Amino acid sequence: MKTKTIMLSLLFAAGVIFTSCQKDDDDNTNPKPVINLTELGYENSGVAYIGSDLHIEAEIVAEAKIDKIEVEIHPEGEHEHKVITVILDEGEWEVDTIYTEFSGLINTTFHKHLDVPMHADTGHYHFHFAVTDRDGQQTVAEMELHVMTPPDDVAPELSITNAPEANKVFSSGSTISISGLVSDDKALGGLYVGLVRADQNLEDGAVNATNTLTLLHTHDFESTTSHNFSAEITVGAELDNNSEPKPITGDIAWQSANYYILVKVKDAFGGNWAYSMHYPIEINVE
């Protein structure tokens with residue numbers, strides 16, 4: 001009887017201890033992370049502009065300490081997860097990036113700038129910001145994000161640093177060259193350097209790769225806002241320097257005549273053009 005009483009007492013004590021430990025564990029459970037998303041887009045507008053960067057800022061408190069932070073952006077209706085920031089087919093933009101640099105912190109300010117690619121589609125996107133703590137608990141903040149083309153009514157700037165002397169004569173085999181700098185307040189869109197025969201009587205806006213000899217034609221720049229260029233062509237060449245070189249035949253065939261060089265540059269968003277002065281030269285084909 002004594003033995004039975006002792007066993008019951010031990011079991012009761014163990015039960016009390018287990019219940020007490022379980023209660024302590026429950027009391028020690030940390031709350032889920034808290035996110036205060038303070039900025040998405042400039043001045044928290046929820047707007048991102050193509051060719052610019054998206055500002056993201058959040059205040060985070062995680063009593064169980066931060067394990068990781070995830071940022072996901074996808075077009076409306078798209079939910080496929082990616083491992084890193086990627087550019088998919090042209091026009092598609094998605095982000096799925098994991099940040100571990102904040103791991104171990106109880107509270108922090110998250111502040112990042114994400115580049116919006118030049119060829120991202122405009123429209124509505126979903127933004128997800130997730131914080132996971134070391135207890136495995138996760139909190140997610142979501143917002144709608146609108147990707148837009150930035151307004152732009154300012155034309156690019158163009159300066160020539162080296163050009164042929166006025167009315168200089170170039171013969172077969174000699175090289176015609178010009179160089180300079182183009183820039184734009186938001187983003188450059190395209191650059192064309194053409195050799196125009198004076199008797200074509202072309203307006204500057206009409207000069208293009210189909211009707212003139214191309215010294216340079218590009219949409220690739222050192223940066224989105226500034227580019228040093230150098231362009232040239234050899235008199236008598238069979239092909240010009242278009243992005244897809246074209247034969248110098250027919251209406252644009254080499255002639256002994258008066259020509260001029262024209263440089264033209266446009267921005268990426270506003271359709272604004274800037275034009276150089278005409279640089280007159282003479283070509284003498286032997």
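We did not get these values from a lab; they are worked out from the coordinates using the rules stated. Remember, it's a predicted structure, so these values are computed and weren't measured experimentally. Backbone-built Cβ (ideal geometry, glycine too); neighbour counts: all protein chains shown.
Each of Leu114 and Glu142 was given a label point 7 Å from its Cα along the Cα-to-Cβ line. The distance between the two points is 1.5 nm. The packing ranking, built from the mean of other Cβ atoms within 10 Å per residue, places the peptides 130-137, 189-196, 250-257 in the order 189-196, 130-137, 250-257, highest first. Its residue count N sets the reference 2.2 N^0.38 Å, and the alpha-carbon radius of gyration of segment 34-148 equals 1.05 times that reference. Efficiency by 1/(1 + (r/R0)^6): what FRET value for Glu39 and Glu157, r their Cβ-Cβ distance, R0 = 35 Å, to the nearest 0.05? The pair Glu39/Glu157 has a calculated efficiency of 0.65. For the peptides 112-122, 166-176, 59-69, the ranking by mean Cβ contacts within 10 Å, running from highest to lowest, is 59-69, 112-122, 166-176. What the Kirkwood sum gives for segment 128-286 is a hydrodynamic radius of 17.8 Å, with every pair of different alpha carbons counted. Amide H contacts for Glu94 (H built 1.01 Å from N in the peptide plane; partners 5 or more residues away or on another chain; cut-off under 5 Å): Val86, Leu88.
Between Lys246 and Thr234, the modelled labels are 2.2 nm apart [label points 7 Å from Cα along Cα→Cβ]. Scalar couplings 3J(HN,Hα) for segment 275-285, obtained by applying the Karplus form with A = 6.51, B = -1.76, C = 1.60 to θ = phi - 60°, are 10, 7, 5, 7, 10, x, 9, 10, 10, 10, 8 Hz; x denotes Gly and Pro.
Given the pairs Lys186/Lys246; Lys186/Lys266; Lys112/Lys266; Lys65/Lys112, which are separated by over 23 angstrom at their Cα positions? Result: Lys186/Lys246; Lys112/Lys266 exceed 23 Å.
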